[in-house]
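Down below is the structure, laid out as structure tokens.
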Amino acid sequence: MTGAVGYGVFSRDGEAPRVGFRVGDGVLDLAAAGLGAAFEARSLNPFLALGRPAWEDVTARAQELVSSGAELLPLADALLQLPVEIGDYVDFYSSLEHATNLGRLFRPDAEPLLPNWRHLPVGYHGRAGTLVVSGTPIVRPSGQAMARDDTTPGFGPSRRLDFELELGFVVGSPSRLGEPVSTSAFRDHVFGVALVNDWSARDIQAWEYQPLGPFLGKSFATTMSAWITPLTLLEDSLVGAPAQDPEPLPYLRVSGDWGLDIELEVELAGSVVSRTNARGLYWTMPQQLAHATVNGASIRTGDLFASGTISGAEGGSEGSLIELTSNGAEPVRLADGTERTFLEDGDEVVMRGRAGDVQLAEVRGVVLAASYSVG
Ligand code: CA
């Protein structure tokens, strides 16, 4: 099987949205295939709530239908929707290289990694209501920021708008309040993965983030791909994750290989500016979920957990502009001869991923000029 594969929600010709299974440039209409009422829904949530046996059964049947020549609708005719009714949205900080790079840039006179970083997957609760589907234009946010050498903050459109290349996982089966989800129960609860662009306004973020973490510098929009790739189709891409030192506490220990060998790239205004791989992430997905629930917090169908920016160790493998340009000091040069420090109005960002023969659906978004400036 080649090309992007996954589940999404689409409509055509003004018909009601429904669930489809994408294979490359075609979409199998699962509602029309008579696989059940869950596929006549406007989101994947009813299907996700059915649990792993149903996910695996439907995926196998969908693949059979495709290989036996079932009619596929042209992807180009499908109007794509946000595939999941997002419950809660959590964003982690799982890349050692990214956390180190950001620590150096935000706190140049201190140890880049804070003392907790190697002991737990650091994360924060994001804004579920501003998740948007790939292709949605992103209006440049306005906000409060403290410019270098100023003594009072100003207000206006962000001048340091950035992308963050991330991999997210989507919860299918919920858990009960008070019952942590162990690392070994990850497969029972998690349906699949999607690429995520965590748009970030660095100037707003730098001024507001201490002491409670990201807020308006992140919450204006987060883009996810229109198609969710089920874990079932990624089993061949599970590889050993980086060694962890020190060994984490028992609840964060995990058996088996949970690195994901997914080649990733970011294209900015037509030029590829970053290439990396998700297998380098220090904290794995089962560890992220175990940590997010170890206090007894429950998870719901449709919850989205994102990895945090995925950066590698080599130049050109950083998953954000603030890293690629050393906080704007070293612009990246694009194929058309122009340079970028941060995103300009009209810039389109496209993120792509590939796990062997299985492509993840892309995440795409163009930056629009700020729509207002009050303050
Ligand atoms: Ca992020």
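Exactly one of (1) within 16 Å of the ligand (Cβ to nearest atom); (2) in a strand (DSSP E or B) is unmet by TRP283. Its number?
(2)
Take the conditions away from the ligand (no atom under 16 Å from the Cβ), open to solvent by less than 10 Å² (accessible area, probe 1.4 Å), at pLDDT 95 or above and in contact with a Phe, Trp or Tyr (Cβ under 7 Å, 6 or more places away or on another chain) and apply them to GLY51. Does it pass?
Judged against the criteria, GLY51 is not a match.
Spot the failing condition for LEU82; the list is (1) open to solvent by less than 20 Å² (accessible area, probe 1.4 Å); (2) touching a Ser or Thr at 6+ places or on another chain (Cβ under 9 Å); (3) part of a loop (DSSP other than H, G, I, E, B), and only one is missed.
(1)
Here are some residues: ARG12, ARG104. Which one is basic (Lys, Arg) and outside the structural domain of HIS189 (by TED's automatic domain parsing)?
Among ARG12, ARG104, only ARG12 is basic (Lys, Arg) and outside the structural domain of HIS189 (by TED's automatic domain parsing).
Among the residues of region 2-18, are any closer than 20 Å to VAL358 by Cβ and open to solvent by 10 Å² or more (accessible area, probe 1.4 Å)?
Within region 2-18, one or more residues are closer than 20 Å to VAL358 by Cβ and open to solvent by 10 Å² or more (accessible area, probe 1.4 Å).
In the set VAL273, VAL266, which member is crowded, with 20+ Cβ neighbours inside 10 Å, more than 15 Å from the ligand (Cβ to nearest atom) and under 20 Å from THR223 (Cβ atoms)?
VAL273
Suppose we filter ARG127, ARG104 for residues that are open to solvent by 50 Å² or more (accessible area, probe 1.4 Å), out of contact with any Cys (no Cβ under 8 Å at 6 or more places or on another chain) and at pLDDT below 95; which single one remains?
ARG104
Within region 255-290, which residues are over 18 Å from PHE305 (Cα atoms) and out of contact with any strand residue (DSSP E or B) (no Cβ under 9 Å at 6 or more places or on another chain)?
SER255
When you go through ALA221, ALA185, ALA241 one by one, which is the residue that is open to solvent by less than 30 Å² (accessible area, probe 1.4 Å) and free of Cβ contacts under 8 Å to residues at least 60 places away in the same chain?
One residue alone meets the criteria, ALA185.
Going through region 30-40 one residue at a time, which ones are in contact (Cβ under 8 Å) with a residue 24 or more places away in the chain and open to solvent by less than 20 Å² (accessible area, probe 1.4 Å)?
The answer is LEU30, and nothing else.
Looking only at region 305-322, count how many residues are within 12 Å of the ligand (Cβ to nearest atom) and not in a loop (DSSP other than H, G, I, E, B).
Total satisfying the criteria: 3.
Among the residues that make up region 294-305, is at least one of them of a type in the set (Lys, Arg) and closer than 30 Å to GLY337 by Cβ?
No, region 294-305 contains no residue that is of a type in the set (Lys, Arg) and closer than 30 Å to GLY337 by Cβ.
Restricting attention to strands (runs of 3 or more DSSP E) lying wholly within region 140-221, give those where 1 or more residues are within 19 Å of TRP283 (Cα to Cα) and within 16 Å of the ligand (Cβ to nearest atom).
Those strands (runs of 3 or more DSSP E) span 165-171, 190-197.
Return the residues of region 132-182 that are of a type in the set (S, T, N, Q) and either touching a strand residue (DSSP E or B) at 6+ places or on another chain (Cβ under 6 Å) or open to solvent by 30 Å² or more (accessible area, probe 1.4 Å) (or both); say none if nothing qualifies.
Selection gives SER134, THR136, SER142, GLN144, THR151, THR152, SER158, SER182.
Hydrophobic (A, V, I, L, M, F, W, C), open to solvent by 50 Å² or more (accessible area, probe 1.4 Å) and either modelled with pLDDT of 95 or more or in contact with a Cys (Cβ under 8 Å, 6 or more places away or on another chain) (or both): does that describe PHE191?
Against the criterion (hydrophobic (A, V, I, L, M, F, W, C), open to solvent by 50 Å² or more (accessible area, probe 1.4 Å) and either modelled with pLDDT of 95 or more or in contact with a Cys (Cβ under 8 Å, 6 or more places away or on another chain) (or both)), PHE191 does not qualify.
Residues to consider are VAL363, VAL367, VAL358; find the one that is on the phi < 0 side of the Ramachandran plot, in contact with an Asp or Glu (Cβ under 7 Å, 6 or more places away or on another chain) and either away from the ligand (no atom under 16 Å from the Cβ) or touching a residue at least 60 places away in the same chain (Cβ under 8 Å) (or both).
VAL367
Quick check on ASP257: is it within 30 Å of ALA185 (Cα to Cα), without any contact (Cβ under 8 Å) to a residue 60 or more places away in the chain and surrounded by fewer than 20 Cβ atoms within 10 Å (Cβ to Cβ)?
yes
Which one is nearest to the ligand (Cβ to nearest atom), of the residues in region 92-139 that are under 22 Å from GLY8 (Cα atoms) and part of a strand (DSSP E or B)?
Looking at residues that are under 22 Å from GLY8 (Cα atoms) and part of a strand (DSSP E or B), I get LEU131.
Quickly run through region 311-354 and pick out the residues that are of a type in the set (A, V, I, L, M, F, W, C) and surrounded by 16 or more Cβ atoms within 10 Å (Cβ to Cβ).
Selection gives LEU321, ILE322, LEU324, VAL332, LEU334, PHE342, LEU343, VAL349, VAL350, MET351.
The values are calculated or read from the model by the stated rules, or taken from the named source; none is laboratory data. Since the model is a prediction, treat every value here as computed from it, not as a measurement. Every residue, glycine among them, receives a Cβ derived from its backbone with ideal geometry; neighbour counts consider all protein chains shown. Ligands, DNA and RNA are stripped out before the accessible areas are found, and what is left, the full protein with its side chains, is counted by its heavy atoms. Shrake-Rupley method; radii C 1.70, N 1.55, O 1.52, S 1.80 Å.
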